[in-house]
Amino acid sequence: MGKAKILVVDDELIMRESLAGWLERDGHQVDKAASGEEALKLLENTKYDILLLDIKMEGMSGLEVLKKVRVSDPEVAVVMITAYGSVSTAIEAMKNGAFDYLMKPFDPNELGLLIDKIIDRQERDRENLFLREEYRERTRFESMLGQSRLMQEVFRLIEDIATTDSTVLITGETGTGKGLAAKAIHSKSPRHAGPFVAVNCGAFPEHLLESELFGYEKGAFTDAKTSKKGRLELAHGGTLFLDEIGEISMRMQIDLLRVLEDRVFYRVGGTRPIEADFRVIAATNKDLSQAIRDRTFRQDLFYRLNVISIVMPPLRDRKEDIPILAEHFLRRFRQETNKDIDKISREAMDEMMLYEWPGNVRELENAIERAVVVAKGRTILPEHLPIFAPEHRTVPKGKSLREIEKAHILAVLEETNWNIKKSADTLEIDRSTLYSKIKRYGIHRPD
């Protein structure tokens, strides 16, 4: 359960200090106010999660404060405290937007349970507010299948770093699964119950990206008819995934750097600091070191992001994973299209094994989807694959793809004097895959 920032408002010193003491022992951050007027001043400059508000106070009453708070900060959960716990007072408070009420005297355990209930509700509300269904519709390692050494290293690194809160920079070509790696880190982290909020930084012009990230207050600009939470605020308690981080402008880089350094931010047009309580994972297909040399990316921001680095390998460097991925996508699209397709032919698999896949796993996924859609029988054939088009063929005339791969494997085996480990390393496949190919192609060591 997360911890909350709470404001206690009561004109009785003993009650005020007792409440604050109980809450602080539970690990919450607590401020105190002795009057409604003092509370409203604090609320102008500080963002609170929960407001514990005495109904009957000298000067401005709790109900008056409640009405003003509902207008100025509708997101804060207000709990009314009263020694005059009549049904009519409670009903009026609830009608005006109070979350709940407590009657004096009350048990500290009762208070703790109510606070936990509010925190749980707020965390669920944040998650529901953004991408909950989109995130959960995929299993956490979806396309991150692989038996290759390169992918096993990625999986081990994700396991090692997930339990920390360190910033992660994921690099790799388009389609290698950077977003899936980010989701995997989040799902295995202590923040897994919080939201996973993704931002494609390359999809917004600078002026829109600012309001998308930071949110804005009502009246901040011409079209700001109401206040809106930004992605940073929606990611509270969870993970913020900044995809295509290399595309943001220098001015936005400065703003992001400030958030990472100070751990607070402001809505556009706002003056109240908001706590930046989220883990940052960034991704890019750009060479940020070159971008730093070109002075299009700040070196200090790079160091802030590159605390832990994950490099997603291109599919051409882990071709032994192609059969596993292809079969996985076949099962998925067979189910989605309700087509009775049993298998991928050996010739079609040979085509896929020899193709370079510039679009990586995403291109393979699309190729299998297309093949499932156009196939007429129960087997995917080479002609069902988009890579089978003449402009993609890499096979010279007179030789089949099968013959080329067989010849290449045999040449590597002879170069290494049939050392299986060295041959597998040269071919960048594991030994079991090499043995399988030797058997499939009927390759024999000369006597």
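The values are calculated or read from the model by the stated rules, or taken from the named source; none is laboratory data. As the structure is a computational prediction, the values presented were derived from the model and not from experiment. Methodologically, a virtual Cβ is constructed for each residue, glycine included, from the backbone with ideal geometry; neighbour enumeration extends over all protein chains shown.
Hey, among the residues in the stretch 73-111 that are among the polar types (S, T, N, Q) and surrounded by fewer than 13 Cβ atoms within 10 Å (Cβ to Cβ), which one's modelled with the highest pLDDT?
Ranking the candidates gives N109 first.
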The conditions are (1) outside any strand (DSSP E or B); (2) surrounded by 17 or more Cβ atoms within 10 Å (Cβ to Cβ); (3) modelled with pLDDT of 90 or more, and S166 fails exactly one of them. Which is it? (2)
Quick check, is L40 over 23 Å from K229 (Cα atoms) and either at pLDDT 85 or above or assigned by TED's automatic domain parsing to the domain that holds L234 (or both)? no
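Yes/no per residue for (1) hydrophobic (A, V, I, L, M, F, W, C); (2) surrounded by 14 or more Cβ atoms within 10 Å (Cβ to Cβ); (3) modelled with pLDDT of 85 or more:
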residue: V395; (1), (2), (3): yes, yes, no
residue: K399; (1), (2), (3): no, no, no
residue: I404; (1), (2), (3): yes, yes, no
residue: V412; (1), (2), (3): yes, yes, yes
residue: K422; (1), (2), (3): no, yes, yes
residue: E428; (1), (2), (3): no, yes, no
residue: S432; (1), (2), (3): no, no, no
residue: K437; (1), (2), (3): no, yes, yes
residue: D447; (1), (2), (3): no, no, no
Based on what the data block shows, is L42 within 30 Å of R263 (Cβ to Cβ) and crowded, with 17+ Cβ neighbours inside 10 Å? no
Which residues, counting only those in the stretch 396-447, are assigned to a loop (DSSP other than H, G, I, E, B), touching a Lys or Arg at 6+ places or on another chain (Cβ under 9 Å) and of a type outside the set (S, T, Y)? W418, E428, I429, D430, G442, I443
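One residue is enough: does the stretch 199-206 have a residue meeting the conditions assigned to a helix (DSSP H, G or I) and either in contact with a His (Cβ under 7 Å, 6 or more places away or on another chain) or over 20 Å from I170 (Cα atoms) (or both)? Break it down stepwise before answering.
The initial filter retains those residues of the stretch 199-206 that are assigned to a helix (DSSP H, G or I), namely 201-203, 206.
If we keep only those that are either in contact with a His (Cβ under 7 Å, 6 or more places away or on another chain) or over 20 Å from I170 (Cα atoms) (or both) too, we end up with 206.
Yes: one or more hits.
Checking the condition modelled with pLDDT of 90 or more, within 35 Å of the chain's Cα centre (by Cα), among the hydrophobic types (A, V, I, L, M, F, W, C) and loosely packed, with under 15 Cβ neighbours inside 10 Å, which residue from V374, V361 passes?
On the way: V361 fails: loosely packed, with under 15 Cβ neighbours inside 10 Å.
The match here is V374.
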Taking the stretch 318-346, which residues are in contact with a Leu (Cβ under 6 Å, 6 or more places away or on another chain), surrounded by fewer than 20 Cβ atoms within 10 Å (Cβ to Cβ) and in a helix (DSSP H, G or I)? I324, H328
Search result, residues across the stretch 265-290 that are of a type outside the set (G, A, S) and part of a loop (DSSP other than H, G, I, E, B): Y266, R267, T271, R272, P273, D277, F278, N285, K286, D287
